[in-house]
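Here's the structure we're looking at; comments come further down.
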Amino acid sequence: MLLVGGGLTACGAAPDGEQLPRKEVSIQLYSVRGLIGAFGQNSQDYNDVLKKLAGMGYTSIEAASYADGKLYGQTPDQFRKDVEAAGLEVLSSHCTTNLSDEELASGDLTRALSWWDVCIAAHKQAGMKYIVVPSMPRVDNLKDLQTYCRYFNEVGARCNAAGLKFGYHNHSGEFRKIDDQVVYDYMIEHTDADKVFFEMDVYWAVMGQASPVDYFTKYPGRFRLLHIKDRREIGQSGMVGYDAIFRNAAKAGVENIIVEIEASSYNDMLRSVDECIDYLRQAPFVPATYEQ
């Protein structure tokens, strides 16, 4: 709820009392990790938090707690039921297994791909549309980076076969250079567009001194998901040009937008989460949906 004159407005209402428009906006559950825990260690009933997110106006979730065939400690079926019972849809999930030094040296991906076979099956059962790698270890040579690109192509092919889409989420480090090549550009150019998309985290791109819109123009259609983020609440820092980002989203290939909050201006994270959805629902440049 937004504080207005010492009171609370109705959920989904503008400060003047006008109802905000419904828009399809997902929430990365990492944003509320302090409330629901991570990796299956819930500190309170996550069903209550899911219902609060739906009440704010969020329409779907991106998970961040896959381990041993479960999501937030629940079977895939139960997790899907819980999300849908709260009035939300299951959209995507952050998960990965990194390559070991031995795998990088040998190029043998058997162990990692076996892990993915189990992971993909669980996510399909949970009703996911997308699986996204949240990050990868720092690599300092193009040989290892190429191995990761081959790895992601292999995982993407397996996801495609199961009816899911596979992507990679950036931080700021992907905008550094190896042998005069920008890591992010190399990854985009050395993965197959039909197997690997990119979930651009617009805040971390800006922190890497990159322009999201320039990337949309250079690599049109490669960015199916966007992480809409700021230093704290969306619009708080003034550093991220959301207007230009959203106006160029069709060029980027965006299918869904996902709010993620890593830090709050308040002691109440739910207040930050609520302010973010209200910002997007009030913004005239944010469409109601990206579905064609």
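A compact table of results
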quantity: Residues Asp45 and Gln146, FRET efficiency given R0 of 41 Å [Cβ-Cβ distance, rounded to 0.05]; calculated: 0.35
quantity: Estimated 222 nm signal from helices in the chain, with DSSP H stretches of n ≥ 4 weighted -39500 (n - 2.57), rounded to 500; calculated: -11000 deg cm²/dmol
quantity: Part-to-part distance (alpha-carbon centres) for the stretch 94-166 and the stretch 231-282, which is given in Å; calculated: 28 Å
quantity: The stretch 88-172: radius of gyration over Cα atoms, expressed as a fraction of 2.2 N^0.38 Å; calculated: 1.10
quantity: Simple label model, 7 Å out from Cα along Cβ direction - Arg138 to Ser211, nm; calculated: 2.8 nm
quantity: On Cα atoms only, tilt of 46-56 relative to the major axis of the chain in degrees; calculated: 60 degrees
quantity: Contour minus Cα-Cα distance for Phe285 and Asp77 (0.36 nm per residue); calculated: 71.3 nm
quantity: Around His94: net Lys/Arg minus Asp/Glu count, Cβ-Cβ under 12 Å; calculated: -3
quantity: Separation in nanometres of the label points that stand 7 Å from Cα toward Cβ, at Thr97 and Ser237; calculated: 3.4 nm
quantity: Accessible surface of the stretch 135-292 [probe 1.4 Å, protein heavy atoms]: carbon and sulfur percent; calculated: 45 percent
quantity: Positive minus negative residues near Val132 (Lys, Arg vs Asp, Glu; Cβ under 12 Å); calculated: -1
quantity: Spin-label pair Ala85/Asp194, simplified geometry with 7 Å Cα→Cβ offset, distance in nm; calculated: 4.1 nm
quantity: Expected-Rg normalisation [2.2 N^0.38 Å, Cα atoms] applied to the stretch 108-155; calculated: 1.30
quantity: Projected-area mean, the chain, by convex hull of Cα positions, square nanometres; calculated: 15.0 nm²
quantity: With DNA, RNA and ligands ignored, accessible area of Ser106 (1.4 Å probe; Å², nearest 10); calculated: 80 Å²
quantity: Contact order normalised by residue count of the chain, Cα under 8 Å, 6+ apart, percent; calculated: 18 percent
quantity: Estimated FRET transfer efficiency when R0 is 41 angstrom, pair Asp117-Asn267 (beta carbons, to 0.05); calculated: 0.45
quantity: Evaluated at q = 0.17 Å⁻¹: base-10 log I(q)/I(0), Debye formula over Cα of the stretch 122-182; calculated: -0.65
quantity: Net charge, Ala250 excluded, C-beta distance under 14 Å - Lys, Arg +1, Asp, Glu -1; calculated: +2
quantity: Most mobile listed residue (Val155, Val90, Val139) in the chain, GNM with C-alpha springs under 10 Å; calculated: Val139
quantity: Estimated FRET transfer efficiency (Ser106, Ala250; beta-carbon r; R0 41 Å; 0.05); calculated: 0.45
quantity: Convex hull of the stretch 147-292 built on C-alpha atoms - directionally averaged projected area, nm²; calculated: 9.4 nm²
quantity: Choice from Glu260, Glu102, Glu154 with maximal GNM fluctuation in the chain (Cα, 10 Å cutoff); calculated: Glu102
quantity: Full-extension gain in nm, Lys124 to Gln181, via 0.36 nm per residue minus C-alpha separation; calculated: 17.0 nm
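The values are calculated or read from the model by the stated rules, or taken from the named source; none is laboratory data. What you are looking at is a predicted structure, and each value in this text was computed from that prediction instead of being measured. We place every Cβ from the backbone using ideal geometry, glycine too, and count neighbours over all the protein chains shown. Ligands, DNA and RNA are excluded from the accessible area calculation, which covers all protein heavy atoms including side chains. Shrake-Rupley method; radii C 1.70, N 1.55, O 1.52, S 1.80 Å.
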